[in-house]
Amino acid sequence: MAQKLLLLPGDGIGVEIMKEVEKLIGWMNSQGLTDFTLERGLVGGCAYDAHGEAISEDDMKKALAADAVIFGAVGGPKWDKVPYDKRPEAGLLRLRKDLGLFANLRPAICYPALADASSLKRELVEGLDILIVRELTGGVYFGEPKEITDLGNGQKRAVDTQVYETYEIERIVRVACDLARTRKHKVHSADKKNVMKSGVLWDEVAQRVAKDYPDLEFQHILADNAAMQLVRNPKQFDVMVTDNLFGDILSDAAAMLTGSLGMLPSASLGAPDTATGKRKALYEPVHGSAPDIAGKGIANPIAMIASFAMALRYSFNLVGLADQVEKAIADVLADGLRTGDIAQGGKSVGTEEMGASILKKLQA
Ligand code: NAD
């Protein structure tokens, strides 16, 4: 049965890099490797220009009905002054909220050909393959109260609230453990149980969930130690699961071990449907709309293409095809092909040539 993909290229380079994914999908469909039906929509600044909202109700309906949403990037200086609730990012936040995307998956893979672009020594990062699983809809970014109070004596008091309930911890730890079973069977759960009550509950629930996965090596780690270990010996990690705040920081740190922003994919998953077992899902590169290079045809499409590979793997269970796409990326890099962001001053190719070369490797 045909599977529905909603493509939301968004703004800036989102439009250029999504075209390269469309070419891949066109080829896969033509070969009978996939049976994707494509829908398209607007999100971000372009949606605001067209509908006065960062995403229209119609496109939200398409997103809810899709088997997966493939998202480019949003934003740009043109929309800096639009009302706060209509700013480009509001479209992405609405998608995450309405699709219930509580699990954010950020792989940090260091392609051997790019190991010298890392800020760490080659031997520390070559072959690196970490997956950070971040809780995305709870914790201190959303907890109430969240306010700044004027104390009236020239001082103010700011409060953010870290809140987690059992079910929120349980479901994200299960996602991490399920994923570890498809990888190296190792999970680190990072929290600050030494100083935070939410950390105490996090660990209590995580340890209980881990008992259901006796085949995994499950280890607690304090989040500050996790940060240190990521830059000291990152290859000791396989899957790391953590809350929204620590995940935000640790996933950025892990990502930078691998070189450039233009290389980093991500996935955000919801809970499995009780009837079908299918999860709502959105796949997007980590980078933004890069207004400084938008329209020049020089953006790196790899993060976008690797995000699509994650969709093949996690939404459609097309693991072999996902492996092939990732191998095609590694192969073009090994051949020396580079876009400007990873060329380190050397010769570079444009978005289209990089996309076409990856497709050619796939076809070979
Ligand atoms: P950015 O990620 O867009 O760009 C940062 C730098 O990295 C720029 O120099 C850019 O040219 C470069 N870069 C990013 N992706 C690249 C790629 N694929 N190939 C080559 N170079 C690449 O971050 P920013 O400049 O801080 O933000 C620009 C806009 O994007 C802002 O409006 C911001 O709000 C938005 N943004 C959106 C998202 C999202 O859609 N998820 C994420 C981050 C930022």
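The values are calculated or read from the model by the stated rules, or taken from the named source; none is laboratory data. What you see is a predicted model, and the numbers here were worked out from it, not measured in a lab. Using ideal geometry, Cβ is built from the backbone for each residue, glycine included, and neighbour counts are taken over all protein chains shown. These accessible areas exclude ligands, DNA and RNA; they are computed on the full protein's heavy atoms, side chains included. Shrake-Rupley method; radii C 1.70, N 1.55, O 1.52, S 1.80 Å.
Quick one: how many lysine pairs in region 107-260 have C-alpha atoms under 19 angstrom apart, if they're 8 or more apart or on different chains? Summing the qualifying lysine pairs gives 7. May I have the pair-distance distribution P(r) for the chain, computed from all Cα-Cα distances with 10 Å bins from 0 and rounded to whole percent? Calculated over all Cα pairs of the chain, the distribution is 5, 23, 32, 27, 10, 2, 0, 0 percent. The value of relative contact order for the chain, using C-alpha pairs under 8 Å at least six residues apart, is 21 percent. Set the Förster distance to 45 Å, then compute FRET efficiency between Val195 and Ala356 from the Cβ-Cβ distance, nearest 0.05. With R0 = 45 Å, the Cβ-Cβ based efficiency is 0.30.
Between the listed residues Gly143, Gly295, Gly259, the Cα displaced farthest toward the positive end of the dipole of the chain, a dipole computed from Cβ unit charges relative to the Cα centre, is found at Gly259.
Think of region 1-143 as a dipole: +1 on every Lys or Arg Cβ, -1 on every Asp or Glu Cβ, centred on the Cα centre; then among Leu5, Leu92, Met18, Leu92 lies furthest on the positive end.
Counting pairs of alpha carbon atoms under 8 Å apart in space and at least six apart in sequence, what relative contact order in percent does region 229-320 give?
Relative contact order, region 229-320: 26 percent.
With charges set only on the Cβ (+1 for Lys and Arg, -1 for Asp and Glu), what does the dipole of the chain come to about its Cα centre, in debye to the nearest 20?
Numbers: 43 positive and 50 negative charges, 71 e Å.
Magnitude of the dipole: close to 340 debye.
Got the relative contact order for region 33-190 handy, in percent, Cα pairs under 8 Å and 6 or more residues apart?
Values: 175 pairs, mean separation 23.6, N = 158.
This gives 15 percent for region 33-190.
Size of region 107-260: Rg and Dmax of its alpha carbons, in Å, are 17.3, 58.
Placing a pseudo-label 7 Å from each Cα along the Cα-to-Cβ vector at Lys121 and Lys327 gives an inter-label distance of 3.2 nm. For Asp224, the shell of other residues with beta-carbons less than 11 Å away shows a net charge of 0, using +1 for Lys and Arg and -1 for Asp and Glu.
Taking every DSSP bridge with both residues inside the chain, close to 45 percent are antiparallel. Ranking Val133, Asn233, Asn153 by how far each Cα lies toward the positive end of the dipole of region 107-260 (charges on Cβ) leaves Asn233 at the top.
Modelled this way, with points 7 Å down the Cα-to-C-beta line, the labels at Lys235 and Glu39 are 4.5 nm from one another. Taking 18 Å as the limit for the C-alpha separation, the pairs Lys4/Lys280; Lys23/Lys62; Lys327/Lys361 exceed it in the case of Lys23/Lys62.
Solvent exposure of the chain, expressed per residue, is 45 Å² of accessible area, with all protein chains present and a 1.4 angstrom probe.
From most to least packed by mean Cβ count within 10 Å, the peptides 301-311, 162-172 give 301-311, 162-172. Rounded to the nearest 0.05, the FRET efficiency derived from the C-beta distance between Gln31 and Arg157 at R0 = 45 Å is 0.15.
Each label was represented as a point 7 Å from its Cα along the Cα-to-Cβ direction; for Met228 and Asp273 these points are 4.7 nm apart. Distance from the C-alpha centroid of region 339-364 to that of region 27-56: 24 Å, rounded to the whole angstrom. In the chain, the portion of solvent-accessible area held by carbon and sulfur atoms comes to 53 percent [1.4 Å probe, whole percent, DNA, RNA and ligands not counted].
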